[in-house]
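Everything below concerns the one structure shown next.
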Amino acid sequence: FGYSIRMFFLIYLVAFVALATIYFRIKHWRRYELVAKFPGPPKLPLIGNSHLYFNKKPEDVINLMHGMIVKYGKLFRVWIGPYQVAFFSTDPKDLEVVLSSTKHITKNNLYNFLKPWLGTGLLISTGQKWHTRRKIITPTFHFKILEQFTEVFNRQGATLVRLLREKHTNGESFNIYPFINLYALDVISESAMGMQLNSQIDSGSEYVRAVSEISQIMSTRFIKVWQRNDFLFNNFVAAKKDHDRCIKVMHNFTENIIQQRREKLIEMLDGEQENGPVPVDDKNGDEEFYQKKRMALLDVLLQATVDGKPLSNEDIREEVDTFMFEGHDTTTSAMSFALYAISRHPDVQAKLYEEIVEVLGTDKNAPVTYRHLQNLKYMELVIKESLRLYPPVPIYGRRIEEDMEISELSGTYNR
């Protein structure tokens, strides 16, 4: 009897797979026809090429992608399930077509994993909202505003160097990534939120731990294909509880900062109406917003308007959280890889040292100014070459929602 049940189950399973395969084949026949032009790994019924990613670590996925590039060339396809298909290209001409388009700005579905934390901020938003937010935020990257943060870079950099020296007292090698990560988090918190997080000194704070934990959870979701499904992740993954807890901690932290800065802005504007502009060198430490003394991203967003209306706290939180995520993560990777590359090339390191002494002098305590940075030409070349060899974001995606042509092959590969 048990044998019969197993046989019936197997027959029904095979029949279901066969019917589902035929259904998707008929429903998406044009997609299958067009995708057949592109090389790629053989796919299985229903799951496509998803099995290639099972039980893979992040470093394994990079190696897997490199292997497929070697095997299938600069442009190839990977099936994610029965009808979703992803195209990978390392050809600069293909990338130019996609990235220069003002039409194809919708992010890949994988970016949706970030929505619980980042909402629909600049990284995830599309269409009119993306254009509006970008217009608001772009001025914060003006060199005059960035120049005001050199004091922050110097102060936090001095803390980083001190901690690295303390760690290296025994002369043994160690992983610098965690140190760079906390440094970047401190810098971006001051430039984005206008507050000192001091994570290099207090790495055990609730917010810092939440950022680290949520980054790990999301990385796992990217790699483990079955966790990409919201239903499966929300109902069958133990990390979902930690995921929600971290999101709550980070949102509460950002919302409290926003409220404090908003109240401070109102107080300062009221004081300006009664007593005139607050001096830049005010002894109480108040920074006069309209004179753009260290104008943090949060300050810009608090004063921004869309169609004559100020941004809501939720709108502002989305952009501040986006900058906290993007700013510390990519900066950490870029700096770590650059330092690694420099350590592997002593001749480059020696030339860099010569340039630094020539531009900054021999006083190790002298602050680095924006003008100094402009004169470090060789260092700029080294950083750019490191970014070329070790891009902080090696893979990124766009969702193409209409036909387009690349590499003399045309086709629909949306969703």
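The values are calculated or read from the model by the stated rules, or taken from the named source; none is laboratory data. As the structure is a prediction and not an experimental result, all values here were calculated from the model. For neighbour counting, all protein chains shown are included, and Cβ atoms are generated from backbone atoms with ideal geometry for every residue, glycine included.
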Name the pairs: first residue in the range 312-330 and in contact (Cβ under 8 Å) with a residue 40 or more places away in the chain, second residue not in a helix (DSSP H, G or I), Cβ to Cβ under 6 Å, at least 6 apart or on different chains?
-> E318/G119; E318/G121; E319/G121; T322/G121; T322/L122; T322/L123; T330/P392
Which of the residues spanning the range 223-240 are surrounded by fewer than 17 Cβ atoms within 10 Å (Cβ to Cβ) and in contact with a Leu (Cβ under 9 Å, 6 or more places away or on another chain)?
-> W226
Within the bounds of the range 258-266, is there any residue that is modelled with pLDDT under 90 and outside any helix (DSSP H, G or I)?
-> no
Close pairs (6 angstrom Cβ cut-off, 6 or more residues apart or separate chains): under 14 Å from F325 (Cα atoms) in the range 178-191, of a type in the set (S, T, Y) and assigned to a helix (DSSP H, G or I) anywhere | N181/T332; A184/T331; A184/T332
List pairs: first in the range 240-255 and outside the structural domain of E318 (by TED's automatic domain parsing), second modelled with pLDDT of 95 or more and surrounded by fewer than 17 Cβ atoms within 10 Å (Cβ to Cβ), Cβ under 8 Å, 6+ apart or cross-chain?
-> none
Among the numbered conditions (1) within 30 Å of V208 (Cα to Cα); (2) at pLDDT below 85, tell me where E274 comes up short.
-> (1)
What are the residues in the range 355-381 that are surrounded by fewer than 11 Cβ atoms within 10 Å (Cβ to Cβ), at pLDDT 95 or above and charged (D, E, K, R), if any?
-> K377
Exactly one condition in (1) touching a helix residue (DSSP H, G or I) at 6+ places or on another chain (Cβ under 8 Å); (2) of a type in the set (A, V, I, L, M, F, W, C); (3) free of Cβ contacts under 8 Å to residues at least 24 places away in the same chain; (4) in a helix (DSSP H, G or I) is not met by V357; state its number.
-> (1)
Taking the residues in the range 33-53 that are in a helix (DSSP H, G or I) and within 19 Å of S89 (Cα to Cα) as candidates, determine which candidate is modelled with the lowest pLDDT.
-> L34
(1) assigned to a helix (DSSP H, G or I); (2) free of Cβ contacts under 8 Å to residues at least 40 places away in the same chain all hold for V97 apart from (2)
